[in-house]
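Enquirer: Handing you a structure now.
The values are calculated or read from the model by the stated rules, or taken from the named source; none is laboratory data. Small disclaimer: the values here were computed from a predicted structure and weren't measured. As a convention, Cβ positions derive from the backbone with ideal geometry for all residues, glycine included, and neighbour counts pool all protein chains shown. Ligands, DNA and RNA are stripped out before the accessible areas are found, and what is left, the full protein with its side chains, is counted by its heavy atoms. Shrake-Rupley method; radii C 1.70, N 1.55, O 1.52, S 1.80 Å.
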Amino acid sequence: QVQLVESGGGLVQAGGSLRLSCAASGRTFSSLYRMGWFRQAPGKEREVVAVISRSGGTTSSGSVKGRFTISRDNAKNTVYLQMNSLKPEDTAVYYCAAGLRGTGWSSGDYDYWGQGTQVTVSS
């Protein structure tokens, strides 16, 4: 079993930055799992934001490419999402997830989820 806890959300003005953290506990985190960041805005479906593989390879969605960066520190059992040049449309609850199935670009590829952290970007 893996427990995930997100932190770092908050209210920021457009153009600002935030860094989200996702701390993992339970089974050895190390390099066992692919990790993903998802977000869900009110009235919208949950969407993938960025994915980092067990070996550290990263991919991100087109809407955040060049602005958001996912990284992981296996020694600290933590995954990060650095968000720069934030826009009002980035407002959402952000979730981290851990899993092994598929490509990592579907919520169904993940077995473990955090509780989410709210990010609000004002214009």
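Enquirer: List the number of the failed condition for Ser17; all other conditions in (1) within 17 Å of Val119 (Cα to Cα); (2) in contact with a Cys (Cβ under 8 Å, 6 or more places away or on another chain); (3) open to solvent by less than 70 Å² (accessible area, probe 1.4 Å) hold.
Expert: Looking at each condition in turn, Ser17 falls short on (2).
Enquirer: Another question about this same structure. Val64 - would you say it is part of a loop (DSSP other than H, G, I, E, B) and among the β-branched types (Val, Ile, Thr)?
Expert: Spelling it out, Val64 is indeed part of a loop (DSSP other than H, G, I, E, B) and among the β-branched types (Val, Ile, Thr).
Enquirer: Related question: Where residues in the range 1-45 are modelled with pLDDT of 95 or more, of a type in the set (D, E, K, R) and in a strand (DSSP E or B), which of them is nearest to Asp90 (Cα to Cα)?
Expert: The qualifying residue nearest to Asp90 (Cα to Cα) is Arg39.
Enquirer: Does at least one position in the range 22-41 carry a residue that is loosely packed, with under 15 Cβ neighbours inside 10 Å, under 17 Å from Ser107 (Cα atoms) and either without any contact (Cβ under 8 Å) to a residue 40 or more places away in the chain or out of contact with any Leu (no Cβ under 6 Å at 6 or more places or on another chain) (or both)?
Expert: The answer is yes, given that some residue of the range 22-41 is loosely packed, with under 15 Cβ neighbours inside 10 Å, under 17 Å from Ser107 (Cα atoms) and either without any contact (Cβ under 8 Å) to a residue 40 or more places away in the chain or out of contact with any Leu (no Cβ under 6 Å at 6 or more places or on another chain) (or both).
Enquirer: Starting from the range 104-121, take each residue that is open to solvent by 40 Å² or more (accessible area, probe 1.4 Å) and list its partners that are part of a loop (DSSP other than H, G, I, E, B), counting only C-beta distances under 6 angstrom and pairs at least six apart or across chains.
Expert: Ser107/Arg46; Gln118/Gly9; Thr120/Thr91
Enquirer: While we're looking at this one, here's another question. Which of the residues that make up the range 104-123 are touching a helix residue (DSSP H, G or I) at 6+ places or on another chain (Cβ under 6 Å) and assigned to a strand (DSSP E or B)?
Expert: If the condition is that a residue be touching a helix residue (DSSP H, G or I) at 6+ places or on another chain (Cβ under 6 Å) and assigned to a strand (DSSP E or B), then Val121 is the only one that fits.
Enquirer: Being more than 14 Å from the chain's Cα centre (by Cα) and part of a strand (DSSP E or B) is the filter here, so list the residues in the range 46-61 that pass it.
Expert: Those that are more than 14 Å from the chain's Cα centre (by Cα) and part of a strand (DSSP E or B): none in the range 46-61.
Enquirer: Where the second residue is polar (S, T, N, Q) and surrounded by 11 or more Cβ atoms within 10 Å (Cβ to Cβ) and the first is farther than 17 Å from Leu20 by Cβ and lies in the range 51-66, which pairs have Cβ atoms under 6 Å and are six or more apart or on separate chains?
Expert: The qualifying pairs are Arg54/Ser31.
Enquirer: Just for the range 46-60: of the residues that are at pLDDT 95 or above and of a type in the set (Gly, Ala, Ser), which one is most open to solvent (accessible area, probe 1.4 Å)?
Expert: Applying the filter and picking the extreme gives Ser60.
Enquirer: Same structure, new question: Say whether the condition of being open to solvent by less than 50 Å² (accessible area, probe 1.4 Å), modelled with pLDDT of 95 or more, over 20 Å from Ala23 (Cα atoms) and not in a loop (DSSP other than H, G, I, E, B) is met by at least one residue in the range 70-93.
Expert: Among the residues of the range 70-93, at least one is open to solvent by less than 50 Å² (accessible area, probe 1.4 Å), modelled with pLDDT of 95 or more, over 20 Å from Ala23 (Cα atoms) and not in a loop (DSSP other than H, G, I, E, B), which makes the answer yes.
Enquirer: What is the residue count in the range 94-103 for residues that are open to solvent by less than 40 Å² (accessible area, probe 1.4 Å) and in a loop (DSSP other than H, G, I, E, B)?
Expert: Final tally of qualifying residues: 0.
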